[in-house]
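Please read the structure below before turning to the comments.
The values are calculated or read from the model by the stated rules, or taken from the named source; none is laboratory data. It should be emphasised that the depicted structure is a prediction, and the values quoted were computed from it without experimental measurement. We place every Cβ from the backbone using ideal geometry, glycine too, and count neighbours over all the protein chains shown.
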Amino acid sequence: MGFLDNSSFNGGNAFGIIPAYGSLNEDNPAGTVITCTTAGTYYQWVSSSAGLNNKGITATGGATGTLVIQPGQGGKYQVSFSVVGLVQTTILYDWAIFKNGTRLITPAMNAQTQNGAANIITVTDIDVVSLTDGDAISLWVNAGTNGSTFTVRQITLMLHKLDN
């Protein structure tokens, strides 16, 4: 189809149809603190804003912090997240994607500093999941020590439909 064919770009196909996609974002150089009051308990990231580009997915930022599959948009989705933040010393943090309030087996990503000092770290993960109409995707974190904090500087949660 020539150089203008975007069939492999943004999930398009040979007819140029781009499937559903959506994102939640946060970019805060000062940081937004997530406090993990109880070790081993997940706490939802709720300081997001809706992404700029959403189609077939309802992105609700703030206290809801979800990406919801709209009617007729169920299928296989690539789900990914990237987090940049400041962590406390030698505490294990576990970031995970939740579907309808339940942690998915994957993706989940652990992050821990090793040198005894607070550090800025980056955590990323990507996976493929089956989602149905109305499913709500959100991002959560837990820590291995009571009262631990994770200061989010930049974070993105994305869904991109791959197939029905």
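In table form, for the structure just shown:
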| read-out | value |
| --- | --- |
| Region 22-45 - residue that is buried (at least 17 other Cβ atoms within 10 Å of the Cβ) and of a type in the set (A, V, I, L, M, F, W, C) and, of those, nearest to Val79 (Cα to Cα) | Leu24 |
| Subset of region 40-66 [outside any strand (DSSP E or B), touching a residue at least 24 places away in the same chain (Cβ under 8 Å) and under 18 Å from Thr151 (Cβ atoms)] | Tyr42, Trp45, Ser47, Ser48, Gly65 |
| Residues of region 67-95 that turn out to be farther than 28 Å from Asn119 by Cα and assigned to a strand (DSSP E or B), as a count | 7 |
| Filter result (without any contact (Cβ under 8 Å) to a residue 60 or more places away in the chain and out of contact with any Lys or Arg (no Cβ under 9 Å at 6 or more places or on another chain)) within region 121-164 | Ile121, Thr122, Val123, Thr124, Asp125, Ile126, Asp127 |
| Qualifying positions in region 126-157 - surrounded by 17 or more Cβ atoms within 10 Å (Cβ to Cβ), of a type outside the set (S, T, N, Q) and either over 14 Å from Ala96 (Cβ atoms) or touching a helix residue (DSSP H, G or I) at 6+ places or on another chain (Cβ under 7 Å) (or both) | Leu131, Asp135, Ala136, Val152, Arg153 |
| From Asn142, Asn146, Asn115, residue being modelled with pLDDT of 85 or more, over 19 Å from Thr64 (Cβ atoms) and not in a strand (DSSP E or B) | Asn146 |
| Selection status of Gly65, loosely packed, with under 15 Cβ neighbours inside 10 Å, modelled with pLDDT under 90 and at positive phi | no |
| Residue identified as hydrophobic (A, V, I, L, M, F, W, C), modelled with pLDDT of 85 or more and at negative phi among Ile126, Ile97, Ile120, Ile91 | Ile97 |
